1. Run down A31, A74, A61, A67 and say which single residue is aliphatic (A, V, I, L, M) and modelled with pLDDT of 95 or more.
2. Please go through segment 199-215 and pick out each residue that is under 18 Å from F82 (Cβ atoms) and either within 12 Å of ligand 1 (Cβ to nearest atom) or in a strand (DSSP E or B) (or both).
3. Scanning for something in a helix (DSSP H, G or I), open to solvent by less than 40 Å² (accessible area, probe 1.4 Å), at pLDDT 95 or above and farther than 18 Å from A136 by Cα, does segment 3-11 turn up at least one residue?
4. Mind checking which pairs have a first residue in segment 136-149 that is touching a residue at least 40 places away in the same chain (Cβ under 8 Å) and a second that is of a type in the set (G, A, S) and near ligand 2 (Cβ under 8 Å from one of its atoms), Cβ under 8 Å, 6 or more apart or different chains?
5. If A92 satisfies every condition in (1) farther than 19 Å from V206 by Cα; (2) touching a helix residue (DSSP H, G or I) at 6+ places or on another chain (Cβ under 7 Å); (3) open to solvent by less than 20 Å² (accessible area, probe 1.4 Å) but one, which is the exception?
6. Identify all residues within segment 74-87 that are within 21 Å of the chain's Cα centre (by Cα) and surrounded by fewer than 17 Cβ atoms within 10 Å (Cβ to Cβ); write none if there are none.
Amino acid sequence: MISNELDIEPWRTQLSQRGRVQIRDFLQDSAADRIRECLEHDVPWEVSQRADLALEGPLPAPGEDGALLRAAYARAREGFEFVFDRYRMVEALRDGRDPGLLLHVVLEFLNSPQFIAFTHELTGDRGIRMVSAMAARYRQGHFLNAHNDSAKDEDRAFAYVINLGRGWQPDWGGQLQFLEGGADIETFVPYWNSLSLFRVPQMHQVTLVSPWARDDRYSIAGWFRR
Ligand SMILES: O=C(O)CCC(=O)C(=O)O
Ligand SMILES: [Fe+2]
């Protein structure tokens, strides 16, 4: 599934020195295409909002989610906020939902001995023993404000994002932006089939996807966990 042309060494060095790296052309083209097809056509998406605001009912159709977005923007003025669509891969596989969905195979691959060995080699952290995953779809106007990915009940060593928005352009928004003291220190544009990887905890955000973005910002993301 991972590109055969990937030379890990320079990325390992950059990751250990800077704590973050973006690797282009990460998956084999055919794997990226197939996963993207699944994300676009087969995944039963749900709205992801702050848990204390759990939205009732079905996902609003694109263009009919204006009220939801306006309310989230108002709350974002006051504190941490996010809106995007997600599919919880770990829970879905565990609960036997959506049999035959390609994402189940992806989750199994991410937890295969081969991929865990790859995480050890790339990060130098041999304590990593599992990879969590969720699929995400940021449509126009979606965002995820600053947070650091630390969790009380999970030992997250690194966060990863496999980006599957086609032909992504810098002016389409949806950038993964790293922050220090409230200022941006580095920005990763979510280019097609790139892997963004960074040490946790680290402040970061996903900026608003532009109204003129010609694709949705699809991704598979999660954590390399100890
Ligand atoms: O999609 C991204 O680039 C980052 C997503 C993220 O920060 C998260 O889901 O915690
Ligand atoms: Fe995050």
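1. Only one candidate passes the filter, namely A31.
2. Answer for segment 199-215, where residues must be under 18 Å from F82 (Cβ atoms) and either within 12 Å of ligand 1 (Cβ to nearest atom) or in a strand (DSSP E or B) (or both): V200, P201, Q202, M203, H204, Q205, V206, T207, V209.
3. Looking through segment 3-11, at least one residue is in a helix (DSSP H, G or I), open to solvent by less than 40 Å² (accessible area, probe 1.4 Å), at pLDDT 95 or above and farther than 18 Å from A136 by Cα.
4. That search, which allows pairs on different chains as well, returns A136/A221; D149/A159.
5. It is condition (2) that A92 fails.
6. A76, F80
Conditions (1) crowded, with 23+ Cβ neighbours inside 10 Å; (2) touching a residue at least 40 places away in the same chain (Cβ under 8 Å); (3) among the hydrophobic types (A, V, I, L, M, F, W, C), marked per residue:
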site	(1), (2), (3)
D155	no, yes, no
F158	yes, yes, yes
G181	no, no, no
F188	no, yes, yes
P201	no, yes, no
Y218	yes, yes, no
W223	no, yes, yes
R226	no, yes, no
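The values are calculated or read from the model by the stated rules, or taken from the named source; none is laboratory data. Model, not experiment: these values are computed from the prediction. With ideal geometry, Cβ positions are generated from the backbone for all residues, glycine too; neighbour counts draw on all protein chains shown. For accessibility, only protein heavy atoms count, side chains too; no ligands or nucleic acids. Shrake-Rupley method; radii C 1.70, N 1.55, O 1.52, S 1.80 Å.
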